[in-house]
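Reviewing the structure listed below.
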Amino acid sequence: MDELIEKAARIILDSKLTIALTGAGISVESGIPDFRSKGGLWDRFDPEEYATIWAFREDPEKVWQMLKEMEETVDSARPNESHLGLGELERMGLLKSVITQNVDNLHQEGGSRDVIEYHGNSRSLVCLQCGKRYDYQEKKGEYPPRCVCTKILKPNVVFFGEGIPVEAMTRSSQLASTCQALLIVGTSAVVSPFNILPRQAKQAGSKIIEINLERTVLTDHITDIFLQGKASEKVSQVVSAVKQLREA
Ligand code: NAD
Ligand code: ZN
């Protein structure tokens, strides 16, 4: 067994409260590009231009060109080994919650039950004019989707410039400041205020395991164990090691 993987597995087995923080990188192997992938969605739609609440308010029709593609990409995506692995850890009683920045529903589809969606989700829509909400199935295939009041609807995802849903923020903070192990997968950890959570956990004395293809702003000062590589590979290795050590 790889030494670092074994260390990570032991941390999880010894911890009384473990949580996971995930970002776009965990869904890349499911076919949803992160902000960095070349040739993906974000090469054509600059997030700074398309993913801000100001852009949406000013020209929702334009922003829906990006949302339509995002929706189609997400619709055809299936959970990969890393989503499934986290689901398995939860069922084994070794992972309390997943706090994700993703809006793609893949953690739920991968078997995780306690998922905190820090940036909302794309399965419901809201009217910024009258406040009416819709399930996304009701408006599927309608571009751009409109409210009965005729205003163009916004998906319930958190755009840059918008606040984090209060309950998600409160619960995440509470978990981060009490966990004993934190598993961070596929996030550059630069988007605020999500990036406060690893620091909060560190300050509270939690051990930090980070999985990423490359080093991030966390790796040198926050991370205890850095597992460099693909999320699917590393999460699966950690889960297998946990099982092996538990049975030993
Ligand atoms: P990011 O794009 O800033 O960073 C992704 C990170 O994942 C990078 O550090 C990259 O090295 C790493 N990565 C890429 N592929 C990987 C792989 N196969 N295995 C392991 N690591 C891999 O993403 P972020 O930190 O989540 O911030 C971007 C923001 O955009 C978030 O708010 C997120 O909600 C949103 N977003 C969401 C989705 C989605 O729902 N799937 C997709 C794109 C962007
Ligand atoms: Zn309306």
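The values are calculated or read from the model by the stated rules, or taken from the named source; none is laboratory data. Bear in mind that the values here come from a model prediction, so they are computed numbers and not experimental data. Quick reminder, even Gly has a Cβ in these numbers, built from the backbone with ideal geometry, and neighbours come from all protein chains shown.
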**Request:** Spot the failing condition for Thr187; the list is (1) surrounded by fewer than 18 Cβ atoms within 10 Å (Cβ to Cβ); (2) under 21 Å from Arg36 (Cα atoms); (3) within 17 Å of the chain's Cα centre (by Cα); (4) in contact (Cβ under 8 Å) with a residue 40 or more places away in the chain, and only one is missed.
**Result:** (1)
**Message:** With the structure loaded, tell me whether Gly111 is touching a helix residue (DSSP H, G or I) at 6+ places or on another chain (Cβ under 8 Å), part of a helix (DSSP H, G or I) and crowded, with 16+ Cβ neighbours inside 10 Å or whether it fails that test.
**Reply:** no
**Message:** Being in contact (Cβ under 8 Å) with a residue 12 or more places away in the chain and surrounded by 17 or more Cβ atoms within 10 Å (Cβ to Cβ): is that true of Ile11 here?
**Reply:** yes
**Asked** Out of curiosity, is Lys96 of a type in the set (Lys, Arg) and not assigned by TED's automatic domain parsing to the domain that holds Thr178?
**Response** no
**Request:** Kindly list the number of the only condition in (1) assigned to a loop (DSSP other than H, G, I, E, B); (2) within 12 Å of ligand 1 (Cβ to nearest atom) that fails for Ile99.
**Result:** (1)
**Complete:** Conditions (1) farther than 23 Å from His107 by Cα; (2) away from ligand 2 (no atom under 16 Å from the Cβ); (3) surrounded by fewer than 17 Cβ atoms within 10 Å (Cβ to Cβ) -> Lys68 fails only (1)
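Here is a check on your reading of the model: is Glu69 over 21 Å from Phe194 (Cβ atoms) and either β-branched (Val, Ile, Thr) or in contact (Cβ under 8 Å) with a residue 40 or more places away in the chain (or both)?
Considered against the rule, which asks whether it is over 21 Å from Phe194 (Cβ atoms) and either β-branched (Val, Ile, Thr) or in contact (Cβ under 8 Å) with a residue 40 or more places away in the chain (or both), Glu69 comes out as no.
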**Prompt:** Within the set of pairs 6+ apart or on separate chains, which have a first residue in region 129-152 that is closer than 19 Å to Val63 by Cα and in the same structural domain as Pro60 (by TED's automatic domain parsing), a second that is basic (Lys, Arg) and within 13 Å of ligand 2 (Cβ to nearest atom), and C-beta atoms under 6 Å apart?
**Reply:** Gln129/Lys151; Pro145/Lys139; Cys147/Lys132; Ile152/Arg146
**Prompt:** Would you call Glu138 surrounded by fewer than 19 Cβ atoms within 10 Å (Cβ to Cβ), away from ligand 2 (no atom under 16 Å from the Cβ), acidic (Asp, Glu) and over 19 Å from Val158 (Cα atoms)?
**Reply:** no
